[in-house]
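**Student:** One structure, as structure tokens, below. Some questions next.
Any read-out appearing in this document is the output of simple, stated calculations on the displayed coordinates, not a laboratory observation. Small disclaimer: the values here were computed from a predicted structure and weren't measured. Cβ: placed from backbone, ideal geometry, glycine included. Neighbour counts: every protein chain shown.
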Amino acid sequence: MDHAQRTRRGLLIVLSSPSGAGKSTISRKLMQDDPTITMSISATTRPMRPGEVADVDYHFVDDDTFQKLIDTDELAEWAYVFGHRYGSPKEPIKEALKNGRDTLFDIDWQGTQQLEYAFRTDLVRIFILPPSMAVLEQRLVDRGTDKDEVIQFRMRRAAAEIGHWAEYDYVLINDDVDRCTEKVRAIVAAERLRRERQPYLLDFVRNLVEKPN
């Protein structure tokens, strides 16, 4: 068996964290350094924002279309986030897994639980913690995108989200974004080598034993 035939199964990488803890920055760094990792494109009912591109940033749909996706079981996970629905279509996920491509998900604990139910052995769950709640609040303030009441709402939500940290496979403290990103890269590299993600090994070992020369 030559190297070209050693196609591994794809990996689903979940990064979850409270808003402001750094998962978006880490996701961006991962994809910049490794073009084989692509971000899952979610369907959403929220309006398109300036600068966003349909079917690149999100699949923008109306409420009726989103409900049809739920009713026909076409979503691997979905949830309400800040008054709008977001969900991950199943078919692109299945195609990526089959072709050995890795997919990155920026979703919360609710979406992670649903994704685990649908794709347990293909999933690696990583939770990013801030070094402190004070640092988290300051990061939200420094972004300059939210009003004070929105920041306080995000802080209350953050406390609830952090309560689910123990449901994840890996938990990292983001006190330095570059170091934290390196740890995520190490996790991804190790998870790619797990036995169940290398389906070609069965034939390789059989040939190794039957044709020792």
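**Student:** With only alpha-carbon atoms counted, please give the Rg and Dmax of region 125-213, in Å.
**Tutor:** 21.0, 71
**Student:** Going 7 Å from the Cα of ARG101 along its beta-carbon direction, which residues of region 55-88 have the amide nitrogen within less than 14 Å of the resulting point?
**Tutor:** 56
**Student:** Another question, if that's okay. Checking the cross-link filter: which aspartates and glutamates have an alpha carbon closer than 17 Å to that of LYS147, excluding same-chain neighbours under 8 positions apart?
**Tutor:** Answer for LYS147, where 17 Å is the Cα cut-off: GLU137, listed by chain and number.
**Student:** Then there is this: Express in whole angstrom the spacing between the alpha-carbon centres of region 12-55 and region 64-142.
**Tutor:** Distance between centres, Cα-based: 10 Å.
**Student:** Can I ask one more? At 222 nm, what helix-only mean residue ellipticity would the chain give, in deg cm²/dmol to the nearest 500, using -39500 (n - 2.57) for each DSSP H run of four or more?
**Tutor:** On the way: 8 runs with 92 residues, N = 213.
It comes out at -13000 deg cm²/dmol, rounded to the nearest 500.
**Student:** How would you rank 185-198, 118-131, highest first, on the average number of other Cβ atoms within 10 Å across their residues?
**Tutor:** On the way: 185-198: 13.7, 118-131: 18.4.
Per-residue Cβ counts within 10 Å, averaged per peptide and sorted highest first, yield 118-131, 185-198.
**Student:** Also, quick follow-up: Considering the Cα positions of region 59-118, please state its Rg to one decimal place and its Dmax as a whole number of Å.
**Tutor:** Reported Rg and Dmax, both Å: 11.8, 35.
**Student:** Report the extension gain between VAL150 and TYR80 in nm, rounded to one decimal, defined as 0.36 nm multiplied by the number of residues separating them, less their alpha carbon distance.
**Tutor:** Result: 23.5 nm gained on full extension.
**Student:** Report the charge-dipole magnitude of the chain in Debye, nearest 20, computed about the Cα centre from +1 at each Lys and Arg Cβ and -1 at each Asp and Glu Cβ.
**Tutor:** I would put it at about 680 debye.
**Student:** Further question on the same structure: Which chymotrypsin sites (Phe, Trp or Tyr not before Pro) does region 1-106 hold that lie in a coil by DSSP with at most 12 other beta carbons within 10 Å? Can you show the working numbers first?
**Tutor:** Working: sites: TYR58, PHE60, PHE66, TRP78, TYR80, PHE82, TYR86, PHE105; in loops: PHE82.
Loop-located and lightly packed - PHE82.
**Student:** Once you charge only the Cβ atoms, +1 for Lys and Arg and -1 for Asp and Glu, what is the size of the charge dipole of region 87-213 about its Cα centre, to the nearest 20 debye? Could you put the intermediate results ahead of the total?
**Tutor:** Details: 21 positive and 23 negative charges, 105 e Å.
Roughly 500 debye for region 87-213.
**Student:** To the nearest 0.05, how large is the calculated FRET efficiency for ASP71 and HIS164 if R₀ is 41 Å and r is the Cβ-Cβ distance?
**Tutor:** On the way: r = 28 Å, r/R0 = 0.67.
The formula returns an efficiency of 0.90 here.
**Student:** Projected onto the charge dipole of region 1-153 (+1 at Lys/Arg Cβ, -1 at Asp/Glu Cβ, origin at the Cα centre), which of ILE151, SER19, HIS84 gives the Cα projection farthest towards the positive end?
**Tutor:** Of the listed residues, the answer is SER19.
**Student:** For the chain, just the Cα atoms, rotate onto the principal axes and tell me the three extents in Å, largest first.
**Tutor:** 71, 42, 31
**Student:** What is the ratio of the Cα radius of gyration of region 112-154 to 2.2 N^0.38 Å, where N is its residue count, to two decimals? Working shown, then result.
**Tutor:** Details: Rg = 15.5 Å, N = 43, 2.2 N^0.38 = 9.2 Å.
Output field value: 1.68.
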